[in-house]
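Remarks on the structure that follows.
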Ligand code: UDP
Ligand code: MG
């Protein structure tokens, strides 16, 4: 019998977990042709998430949990999920029921047909505001044009991954993780299905604008060196213009002489060049920071414990 792992990263989800479990249990009970594993990743929650999961583990031998030693963020929590999942395929799903469980049977169907990575594309963006929508659209077009991989807009972490994909993702141990890019990077046979993104059932989104902005920078710097290229091109163009301008000034001085003037233009040029230089330094700094982080070679997450019911089949 094939085993399906459901990987659920949870950070302060005490209000959602029981409803999520009810939905998932119905799914598991109606698809008895598979054996199921429900793997929670408790990402350093500081509410009752841990005790709710403990209760579930006692009630249901299919439930397991990896508890991280602190909050490492969703991207790291997902890697922990891939490391501990035992299934022939794994489905990653948010704890807040924004990812409709009703789409899972369709994913399984395509998996049975031989697809390795079945991902859900959002038909609507649920409760996201217009500002976030515009930002998202701009960002993906930037990412698409700067990186050589096709990161899809409106596709999140709700997907089914075959064992082949999980084992490959486990090899990619980078600490600054951008899973959306990694899914695209590993390749394999992909299949898209359409799903409606639901409203969050309880609690608040853990993503602040700043966190999203950081993830966005992560995305670009993980998969492309285009910003470095752009700053070199900019440097080259500005030097050419400056060179031409220098010749013009020398010629003017030689032909007509030059009374001391031109303070405004001088200021403009100095400020403009200063700005460009700082920007380029900042971009180089971004990449240097990544090298610094990766070179420390620390684990992406630290697991405090792995819990599973004693009666679970081994
Ligand atoms: N999450 C996590 N660690 C974090 C932040 C979020 O494991 O540091 C989990 C969270 O519990 C949820 C999923 O990641 O299951 C998606 O989080 P959220 O709903 O806050 O994000 P959004 O849906 O707004 O993108
Ligand atoms: Mg959510």
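Taking label positions 7 Å along the Cα-Cβ direction at both residue 47 and residue 279, the computed distance is 4.2 nm, reported to one decimal.
The peptide list 141-149, 180-188, put in order of mean Cβ contacts within 10 Å with the highest first, becomes 180-188, 141-149.
Distances over 18 Å make up what percent of all Cα-Cα pairs in the stretch 109-176?
Values: 1274 of 2278 pairs.
Result: 56 percent of Cα pairs exceed 18 Å.
Over the Cα atoms of the chain, compute the convex hull volume and normalise it per residue, giving Å³.
Numbers: hull volume 50.2 nm³, N = 314.
Dividing the Cα hull volume of the chain by its residues yields 160 Å³.
Computed over the Cα atoms of the stretch 1-74, the ratio of the radius of gyration to the Kirkwood radius (Rg/Rh) comes to 0.98.
Compared with the dominant Cα axis of the chain, that is its longest principal axis, helix 226-256 is turned about 10°. Between helix 209-223 and the chain there is an angle of about 80 degrees, using the helix long axis and the longest principal axis of the Cα atoms. Volume per residue of the convex hull around the Cα atoms, evaluated for the stretch 1-156, comes out as 137 Å³.
Taking only the C-alpha atoms of the stretch 135-270, the Rg (one decimal) and the largest Cα-Cα distance, Dmax (whole number), read 24.4, 77 Å.
Counting only C-alpha contacts under 8 Å and six or more residues apart, can you give the relative contact order of the stretch 128-204 as a whole percent? All intermediate terms of the calculation are to be shown ahead of the outcome.
Details: 25 pairs, mean separation 21.6, N = 77.
Reported relative contact order: 28 percent.
The residue 123 and residue 292 beta-carbon pair, evaluated with R₀ = 51 Å, returns a calculated FRET efficiency of approximately 0.80.
Suppose a student asked you for the relative contact order of the chain, using Cα pairs under 8 Å spaced at least 6 residues apart; what percent would you report?
Numbers: 460 pairs, mean separation 76.8, N = 314.
Reported as a whole number, the value is 24 percent.
Between residue 302 and residue 209, the C-beta separation translates, for a Förster distance of 30 Å, into a calculated FRET efficiency of about 0.60. Fewest-first ordering of 131, 165 by other beta carbons within 10 Å of each residue's beta carbon gives 131, 165. The angle between the Cα long axis of helix 49-59 and the main principal axis of the chain comes to about 30°, on a 0 to 90 degree scale.
Would you mind ranking 248, 24, 260, 118 so that the residue whose beta carbon has the fewest other beta carbons within 10 Å leads the list?
Values: 248 10, 24 22, 260 5, 118 26.
Exposure proxy ranking, most exposed first: 260, 248, 24, 118.
What's the whole-number percent of alpha carbon pairs in the stretch 151-210 lying beyond 14 angstrom?
Result: 66 percent of Cα pairs exceed 14 Å.
Return an integer: the convex hull volume of the alpha-carbon atoms of the stretch 178-253, in Å³ per residue.
On the way: hull volume 14.2 nm³, N = 76.
It is 186 Å³ per residue.
Counting each DSSP H run of 4 or more residues in the chain as -39500 (n - 2.57), what helix-only mean residue ellipticity at 222 nm follows after dividing by all residues, to the nearest 500 deg cm²/dmol? Present the calculation step by step, with values, prior to reporting the outcome.
Values: 10 runs with 159 residues, N = 314.
-17000 deg cm²/dmol, from helical runs alone.
Compactness ratio of the stretch 229-314: Cα Rg over 2.2 N^0.38 Å, N = residue count?
On the way: Rg = 27.4 Å, N = 86, 2.2 N^0.38 = 12.0 Å.
So the Cα radius of gyration is 2.29 times the expected 2.2 N^0.38 Å.
Want the number for residue 134 to residue 192: 0.36 nm per residue separation, take away the alpha-carbon distance, what's left?
Full extension from residue 134 to residue 192 adds 18.6 nm.
Coordinate-derived values only; no laboratory data. Quick caveat, the model's predicted, so the values are computed rather than measured. Quick reminder, even Gly has a Cβ in these numbers, built from the backbone with ideal geometry, and neighbours come from all protein chains shown.
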